[in-house]
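The values are calculated or read from the model by the stated rules, or taken from the named source; none is laboratory data. These numbers come from a predicted model, not from an experiment. When we count neighbours, we look across all protein chains shown, and the Cβ atoms used for this are built from the backbone with ideal geometry, even at glycine.
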Amino acid sequence: PNGTVLVENMQINGRAQDPGRTITLTLLDNYDYWVLLDPSQQRLFLNSTGRVLDRDPPISITSIVVKVQCTNLLVGTIILHEVRVIVRDKNDNSPQFRHPRYYVAINELTPVGTTIFTGFSGDNGATDIDEGPNGQIEYTILYNPNDPTSNRTVRVGN
């Protein structure tokens with residue numbers, strides 16, 4: 001969520017606030033302004049106001065990389081600290097089927113063990129744009145009590 005603390009304490013030696021300021025902290029390479037810097041607390045925050053940080057397509061943000069520039073005001077040295085935020089996948093997308101319904105008609109004398117449907121193979125089944133285990137799909141056959149043409153008995157295998 002917006003305002004999430006990404007880095008609590010950068011552990012940079014020096015004081016970034018008055019009185020007694022010895023360093024300045026500046027955020028660099030902050031493309032799309034996803035990160036906010038609070039120099040006095042040495043904290044980085046997520047800035048997602050008005051938008052969604054999403055790992056999945058079409059946005060597809062897998063990481064955010066910024067640099068924090070630390071300037072020592074006493075001697076003038078500059079040190080760059082790279083901060084990489086990894087965006088983890090959340091199971092936030094439902095599987096989408098290619099077709100809204102699939103129909104199969106078989107003869108009553110169809111031998112046991114006959115394959116009656118292969119419609120979910122290849123690109124014909126459902127897809128889920130989530131990554132890894134969140135994008136894996138498991139199919140289950142369910143009895144529909146509101147459908148008078150369905151049968152309560154479904155056997156898979158012998």
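Out of everything in the range 129-153 that is β-branched (Val, Ile, Thr) and at pLDDT below 90, what residue ends up being nearest to Asp54 (Cα to Cα)? Talk me through it step by step, then tell me what you get.
The first filter runs over the range 129-153 and keeps only residues β-branched (Val, Ile, Thr), leaving 129, 137, 140-141, 149, 153.
Adding the requirement that they be at pLDDT below 90 leaves 137, 140-141, 149, 153.
Details: Ile137: 20, Thr140: 29, Ile141: 32, Thr149: 42, Thr153: 42 Å.
In this case the residue turns out to be Ile137.
Being of a type in the set (Phe, Trp, Tyr) and exposed (fewer than 14 other Cβ atoms within 10 Å of the Cβ) is the filter here, so list the residues in the range 1-57 that pass it.
Let us first name the residues in the range 1-57 that are of a type in the set (Phe, Trp, Tyr), namely 31, 33-34, 45.
Within the range 1-57, Tyr31, Tyr33 qualify.
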Discussion item. Within the range 115-128, does at least one residue satisfy the condition of being at pLDDT 90 or above, assigned to a loop (DSSP other than H, G, I, E, B) and surrounded by 10 or more Cβ atoms within 10 Å (Cβ to Cβ)?
Written reply: yes
Worksheet item: How many residues are surrounded by 10 or more Cβ atoms within 10 Å (Cβ to Cβ), of a type in the set (A, V, I, L, M, F, W, C) and without any contact (Cβ under 8 Å) to a residue 12 or more places away in the chain when one looks only at the range 64-78?
Response: 1
Response to the item:
Of the residues in the range 114-145, those that are more than 30 Å from Ile59 (Cβ to Cβ) and in contact with a Phe, Trp or Tyr (Cβ under 8 Å, 6 or more places away or on another chain) come to Phe117, Gly119
Fill in: Any hit, the range 89-102, residues being in contact with an Asp or Glu (Cβ under 6 Å, 6 or more places away or on another chain) and of a type in the set (D, E, K, R)
yes
Worksheet entry | Identity of the residue in the range 93-105, modelled with pLDDT of 90 or more and either of a type in the set (Lys, Arg) or surrounded by fewer than 12 Cβ atoms within 10 Å (Cβ to Cβ) (or both), that ends up farthest from Met10 (Cα to Cα) | Gln96
